[in-house]
């Protein structure tokens, strides 16, 4: 990351930002050079289902070491943000609720960086949130903010992909059950059974209760055990909203609208979208990421506008898995207009 030897690593701090619904957790990481903070676009990261802003703790300092002030928000019901009631979370909280939370974080960031245009990074469901927001950008009431780029990390596809992900979740559970039957509750073998049952019986089984279950769905076999256990300790959340899960059955936005909302003139080479996938991803198939990439490429104006990178040694949680440093460096190179190995 080209960090001076005598320079201490940037510190990740947590702040609470006020919204009409309740406070949201926002992690921040600022470069040591104050002047750099004003010159480069801020990066806002949005987490996926069952997760929290803490899942970006390994990446935020890497972005900041490259001179980019970085942020990660926990949407409602996740991490240190406010928690809706069980009924409100499962029945009333949808993707647009999460978009509102992301926009609240962006409002805070724009006050800190009034002349800079943001780069968005969305992991899994976070990619769905950002694609939904960009697809409806003209109606969201922030005309002075021009998004400068979108990075999709193992992101939910533009088409939704809910059924495909549910089938792959179920297959992962079944495979784990064959390996170690006593460790996996029988009710967890069906992908959406824990979600649906919790709605009626309020049981908190997420299917992510043990390190084995977490590794089985989110991490490669090479990921250190302390990383997997760290995710359970710092990032694991409640059952994801049933309403949000159902909304993954339909497209989040139109590819042309998403591309039109991104103003790549803020950076070199006219780059707008970078899609990064892990070849060991148990939940988001390469076919789904290819469909999303092809959809954007079809309406793009050139090969540089929409790019794709595959990480052979990474699973679903790219930002924590063994390739997270390469992933961060690829994102920085993409923003800076440099060549990306393998893209």
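The values are calculated or read from the model by the stated rules, or taken from the named source; none is laboratory data. No experiment lies behind these values; they were computed from the predicted model shown. Neighbour counts are summed over all protein chains in view; Cβ atoms, including those assigned to glycine, are modelled from backbone coordinates with ideal geometry.
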Residues that are surrounded by fewer than 17 Cβ atoms within 10 Å (Cβ to Cβ) and in a helix (DSSP H, G or I), drawn from region 134-179: 138, 139, 163, 167, 171, 174, 175, 178, 179
Residue check for residue 310: modelled with pLDDT of 90 or more, touching a helix residue (DSSP H, G or I) at 6+ places or on another chain (Cβ under 8 Å) and under 28 Å from residue 144 (Cα atoms): no
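With respect to residue 309, is the statement that it is over 19 Å from residue 133 (Cβ atoms) and in a strand (DSSP E or B) true? Even if it seems obvious, please write down each step before you answer.
On the way: over 19 Å from residue 133 (Cβ atoms): yes; in a strand (DSSP E or B): yes.
Judged against the criteria, residue 309 is a match.
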Residue tally, condition closer than 26 Å to residue 245 by Cα and either assigned to a loop (DSSP other than H, G, I, E, B) or at pLDDT below 95 (or both), over region 38-53: 6
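Of the residues 149, 126, only one is over 14 Å from residue 73 (Cα atoms) and touching a strand residue (DSSP E or B) at 6+ places or on another chain (Cβ under 8 Å); which? Spell out the reasoning first.
Numbers: 126 fails: over 14 Å from residue 73 (Cα atoms).
Of the residues listed, the single one that is over 14 Å from residue 73 (Cα atoms) and touching a strand residue (DSSP E or B) at 6+ places or on another chain (Cβ under 8 Å) is 149.
Yes or no, residue by residue, for (1) closer than 21 Å to residue 248 by Cβ; (2) in a helix (DSSP H, G or I):
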{"site": "55", "(1), (2)": "yes, yes"}
{"site": "67", "(1), (2)": "no, no"}
{"site": "71", "(1), (2)": "no, no"}
{"site": "99", "(1), (2)": "yes, yes"}
{"site": "105", "(1), (2)": "no, yes"}
{"site": "110", "(1), (2)": "no, yes"}
{"site": "114", "(1), (2)": "no, no"}
{"site": "132", "(1), (2)": "yes, yes"}
Test for residue 51: is it under 15 Å from the mean Cα position of the chain (by Cα), under 17 Å from residue 147 (Cα atoms) and touching a residue at least 60 places away in the same chain (Cβ under 8 Å): no
